[in-house]
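Note sheet for the following structure.
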Amino acid sequence: MQLFHHYATELADLCSKVSPFPVSQAKVIMVNKQLAAELGIEAEELQSDALLSSLFGNEGALQANSVAQKYGGHQFGQWNPHLGDGRGLLLGEVKSTQGQFWDLHLKGAGPTPYSRHADGRAVLRSTIREYLAGEALHALNIPSSRSLCLLSSKEPIQREQREQAAMMVRTCQSHLRFGHFEYYHHSNQAQHLDTLFNFAFKHHFPASLGAESPHKAMLYEIVTTTALMIAKWQAYGFNHGVMNTDNMSIHGITFDFGPYAFLDDFIPDYICNRSDHSGRYAFDQQPSIGLWNLNALAHAFTPYLHIDEIKSALGTYEDTLVSEYQTLMKTRLGLYEHDIADLELAKEVDTLIAEWMNILKDEKADYHFSFRIISEHLLSIEDLKLNNIADNFVQAERVRQWCVNYHEIQQSLMPLSKQSWSGIQELMLSVNPKYVLRNHLAQEAIEAAENGDFSVFEALLKALSSPFSEHPDCSSFAKPPADNDKGISLSCSS
Ligand code: AMP
Ligand code: MG
């Protein structure tokens, strides 16, 4: 692979040169072949021997210009200037077959100047979780960083208990976080902030450079992509868990997720992060936290933009998010997703969606199974007569009535959508996943992997990579969890 070093050379004053520190008996245990192909990386280059000598050998290409980036961040609302890559290194950038540059970042690479006395390592458990989530989100059309490969080791490391160290190569457009810009602004390093912005324009926001105000154009773009991403999280029941501004990507991609969860039961104020005592990052808080974070980022734009310009940019967030969320929910329910001129009918559609969400909430119904079961059965009159949907709910009569209303409204929408019943069902089956990365499934894959068996991890990855298709050999992954497997929350420790 050809490695570029734009960040390391053009932003040399904003990072520290650090080489990866080997772990004992490292071994590549998973390679994302499809992603490697997209990035123009030969599979052989990611095999254990080749990768290990490239990462840790004196002549190794991947360690030649590796750097730890400096950033800060608002953590649980408090400004912390002392952050940076404490256990990850940017190895360089590769050019994809589409001609775009992608970062290769090694997570768990050992101590850096920003490790703050921690060990610089990542555990097998958290790297498997990150690998799985990146692929699951990507397959759901939710932008996310992704893992290129995963290395296990025999190196013991101490967390709440003794665990195994692991490493992961992560890829995304760049590792620029809100916290990069906040740091150079709050530490009054105007020159470095300028350099950082110019780097971002040149490499990541080239369209902004042509705008009358590049800063304004860039801020609008970040507000938009962040709003669209969070709308998708809400529509697909994803709880990030640690939305600190150092974990927010300027590309509007899901990033640095540790104790995340896809919901099991629909509990809107669900908190997946056991360390989040106040529920700041609860599922239903994510849209407002997204705006809070953008506001924190916008402070770094104040040397360049008038306050009214910043307010206008932030002012577009809510409409963008709500409109995307509504479109996604209509699509998931097989409903016509464009504006409806008949206001009475438009209102009926809104009420239908609201009632569905209220049913899920009141019943604490399984979020994903509920959408999948209506995709499979809602459109057939025969199925409705057999109560194939209603029988899955305690308030069966309320659900049966909802199904009847659905049919009436769908009938009124068909002249607009020009869809047949079977066409609608096909669409619903293509947007409502059968396979979802539930925490108990990740846990199953982790426990097997910790005992040297990666087959569950592999099988789960396969199902999650095409979550709308049937995978008869993995059908147990499609079942909603048993009560004692539900709502597993995790701590930040990783
Ligand atoms: P995270 O919770 O992974 O988003 O990390 C928050 C901050 O702590 C970042 O600056 C990380 O680089 C740093 N960090 C987390 N875990 C470690 C570790 N094991 N060793 C060194 N730094 C770490
Ligand atoms: Mg982080």
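The values are calculated or read from the model by the stated rules, or taken from the named source; none is laboratory data. The structure displayed is predicted, hence computed values, not measured ones. Here the Cβ positions follow ideal geometry from the backbone for every residue, glycine too, while neighbour counts run over all protein chains shown.
In the set Leu176, Leu209, only one residue is free of Cβ contacts under 8 Å to residues at least 24 places away in the same chain, in contact with a helix residue (DSSP H, G or I) (Cβ under 7 Å, 6 or more places away or on another chain) and either within 16 Å of ligand 1 (Cβ to nearest atom) or more than 30 Å from Lys434 (Cα to Cα) (or both); that residue is Leu209.
Looking only at residues that are more than 12 Å from ligand 2 (Cβ to nearest atom) and farther than 24 Å from Asp49 by Cα in the range 62-73, which one is surrounded by the most Cβ atoms within 10 Å (Cβ to Cβ)? Even if it seems obvious, please write down each step before you answer.
First, the residues of the range 62-73 that are more than 12 Å from ligand 2 (Cβ to nearest atom): 62-68, 70.
Next, from what is left, pick out any that are farther than 24 Å from Asp49 by Cα: 68, 70.
Details: Ala68: 22, Lys70: 24.
Ranking the qualifying residues of the range 62-73, first place goes to Lys70.
Answer yes or no as to whether Leu51 is crowded, with 19+ Cβ neighbours inside 10 Å and in a strand (DSSP E or B). Step through it out loud before you land on a result.
On the way: crowded, with 19+ Cβ neighbours inside 10 Å: yes; in a strand (DSSP E or B): no.
The answer is no for Leu51.
Taken over the range 69-89, residues that are within 9 Å of ligand 1 (Cβ to nearest atom) and either among the hydrophobic types (A, V, I, L, M, F, W, C) or in contact with a Cys (Cβ under 6 Å, 6 or more places away or on another chain) (or both) amount to 1.
Filter the range 111-144 down to the residues that are polar (S, T, N, Q) and under 23 Å from Lys27 (Cβ atoms), then identify the one that is farthest from ligand 1 (Cβ to nearest atom).
Of everything passing the filter in the range 111-144, Thr127 is farthest from ligand 1 (Cβ to nearest atom).
Is there a residue being within 16 Å of ligand 2 (Cβ to nearest atom) and acidic (Asp, Glu) anywhere in the range 201-224? Taking every residue of the range 201-224 in turn, none turns out to be within 16 Å of ligand 2 (Cβ to nearest atom) and acidic (Asp, Glu).
Cβ-Cβ contacts under 7 Å between residues 6 or more apart (or on different chains), taken from a first residue in the range 447-469 that is outside the structural domain of Ile142 (by TED's automatic domain parsing) to a second residue that is polar (S, T, N, Q), are listed as Ala448/Ser455; Glu450/Gln164; Phe468/Ser430. For the range 255-271, name all the residues that are modelled with pLDDT under 95 and either of a type in the set (Gly, Ala, Ser) or away from ligand 1 (no atom under 16 Å from the Cβ) (or both). Within the range 255-271, just Gly258 meets the criteria.
Would you point out which residue out of Ala211, Ala227, Ala217 is over 18 Å from the mean Cα position of the chain (by Cα), in a helix (DSSP H, G or I) and either within 21 Å of Asn80 (Cβ to Cβ) or of a type outside the set (Val, Ile, Thr) (or both)?
Among Ala211, Ala227, Ala217, only Ala217 is over 18 Å from the mean Cα position of the chain (by Cα), in a helix (DSSP H, G or I) and either within 21 Å of Asn80 (Cβ to Cβ) or of a type outside the set (Val, Ile, Thr) (or both).
Just one residue in the set Leu441, Leu437 is assigned to a loop (DSSP other than H, G, I, E, B) and aliphatic (A, V, I, L, M); that residue is Leu437. Tell me, please, whether a residue that is buried (at least 20 other Cβ atoms within 10 Å of the Cβ), in contact (Cβ under 8 Å) with a residue 24 or more places away in the chain and farther than 26 Å from Ser491 by Cβ can be found in the range 154-171. Looking for residues that are buried (at least 20 other Cβ atoms within 10 Å of the Cβ), in contact (Cβ under 8 Å) with a residue 24 or more places away in the chain and farther than 26 Å from Ser491 by Cβ, one finds at least one in the range 154-171, hence yes.
Evaluated against (1) of a type in the set (A, V, I, L, M); (2) assigned to a helix (DSSP H, G or I); (3) buried (at least 17 other Cβ atoms within 10 Å of the Cβ), Ala346 falls short on exactly one condition, (3). In the range 117-141, the residue that is farthest from ligand 2 (Cβ to nearest atom) out of those that are assigned to a loop (DSSP other than H, G, I, E, B) and either surrounded by fewer than 20 Cβ atoms within 10 Å (Cβ to Cβ) or among the charged types (D, E, K, R) (or both) is Asn141.
Please tell me if Gly86 is closer than 29 Å to Tyr183 by Cα, more than 16 Å from ligand 2 (Cβ to nearest atom) and outside any strand (DSSP E or B).
Details: closer than 29 Å to Tyr183 by Cα: yes; more than 16 Å from ligand 2 (Cβ to nearest atom): no; outside any strand (DSSP E or B): yes.
Considered against the rule, which asks whether it is closer than 29 Å to Tyr183 by Cα, more than 16 Å from ligand 2 (Cβ to nearest atom) and outside any strand (DSSP E or B), Gly86 comes out as no.
Would the range 97-116 turn up any residue that is without any contact (Cβ under 8 Å) to a residue 24 or more places away in the chain, more than 16 Å from ligand 2 (Cβ to nearest atom) and within 29 Å of His277 (Cβ to Cβ)? Looking for residues that are without any contact (Cβ under 8 Å) to a residue 24 or more places away in the chain, more than 16 Å from ligand 2 (Cβ to nearest atom) and within 29 Å of His277 (Cβ to Cβ), one finds none in the range 97-116, hence no. With respect to the conditions (1) without any contact (Cβ under 8 Å) to a residue 12 or more places away in the chain; (2) aliphatic (A, V, I, L, M); (3) not in a helix (DSSP H, G or I), Ile267 lacks only one, and its number is (1). Does at least one position in the range 238-251 carry a residue that is crowded, with 21+ Cβ neighbours inside 10 Å, more than 16 Å from ligand 1 (Cβ to nearest atom) and over 18 Å from Thr171 (Cα atoms)? Yes: one or more hits.
Could you check, for the range 408-425, whether at least one of its residues is closer than 26 Å to Pro481 by Cα and either in a loop (DSSP other than H, G, I, E, B) or of a type outside the set (A, V, I, L, M, F, W, C) (or both)? Yes, the range 408-425 has at least one match. Lys330 - would you say it is under 24 Å from the mean Cα position of the chain (by Cα) and basic (Lys, Arg)? Yes, satisfied.
When the criteria are applied in full, Thr97 meets the requirement of being within 27 Å of the chain's Cα centre (by Cα) and either more than 16 Å from ligand 1 (Cβ to nearest atom) or in a helix (DSSP H, G or I) (or both).
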